[in-house]
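Report on the structure given below.
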Amino acid sequence: ADASGNFLLMGYARLDAWNWTVGGLLYLDAANYGYAVQTAPTATDQVIQILGQATHADRMFFSPSLIQIEHT
């Protein structure tokens, strides 16, 4: 509630500190929610959710899937 800032619903995002493998999927980081990783979570009870795809080493197309899968 009452949050302010910039929010991206879908589109391109860039951060020079990223070093993605181009073309790879990006997943919600199960250990640090709010971050993206290129390895799908594998631990029991972790949620797997695709956030988008790496288009460049420092850019991603953010288009989060509405499907979430719980790893068992």
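The values are calculated or read from the model by the stated rules, or taken from the named source; none is laboratory data. If you're wondering where the values come from, they're calculated on a predicted model, not measured in any experiment. Every residue, glycine among them, receives a Cβ derived from its backbone with ideal geometry; neighbour counts consider all protein chains shown. Ligands, DNA and RNA are stripped out before the accessible areas are found, and what is left, the full protein with its side chains, is counted by its heavy atoms. Shrake-Rupley method; radii C 1.70, N 1.55, O 1.52, S 1.80 Å.
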How do SER65, SER4 stack up against each other in accessible area, from largest to smallest, with a 1.4 angstrom probe? SER4, SER65
If you average the sequence gap of Cα pairs under 8 Å that are 6 or more apart and divide by the length of the chain, what percent do you get for the contact order? 35 percent
Whole-number accessible area per residue in Å² for the chain, which is evaluated in the context of all protein chains at 1.4 Å: 73 Å²
Label-point separation (nm) for ILE48 and LEU66, each offset 7 Å from Cα along Cα-to-Cβ? 2.1 nm
SASA check, ASP29, accessible area w/ 1.4 Å probe, all protein chains in place, rounded to nearest 10 Å², comes out at 30 Å²
Two pseudo-spin positions, 7 Å from Cα along C-beta at LEU8 and at ASP58, lie apart in nanometres by 1.4 nm
Within the chain, what whole-number % of the accessible surface is contributed by carbon and sulfur, with the 1.4 Å probe and all protein chains included in the calculation? 55 percent
Which semi-axes, in whole Å and largest first, does the equivalent ellipsoid of the chain have when worked out from the alpha carbon gyration tensor as the square roots of 5 times its eigenvalues? 20, 17, 11
Ordering HIS56, HIS71 by accessible area with a probe of 1.4 Å, largest first, what comes out? HIS56, HIS71
Read phi for every residue in region 19-35 and hand back ³J(HN,Hα) as whole Hz from Karplus 6.51 cos²θ - 1.76 cosθ + 1.60, θ = phi - 60°, with x for Gly and Pro. 9, 6, 7, 4, x, x, 6, 10, 10, 5, 6, 5, 8, 9, 4, x, 10
Using Cα springs under 10 Å in a Gaussian network model of the chain, which residue among LEU51, LEU26, LEU15 shows the largest mean-square fluctuation? LEU15
About its Cα centre, what dipole magnitude does the chain give when the only charges are +1 on Lys and Arg Cβ and -1 on Asp and Glu Cβ, stated in debye to the nearest 20? 240 debye
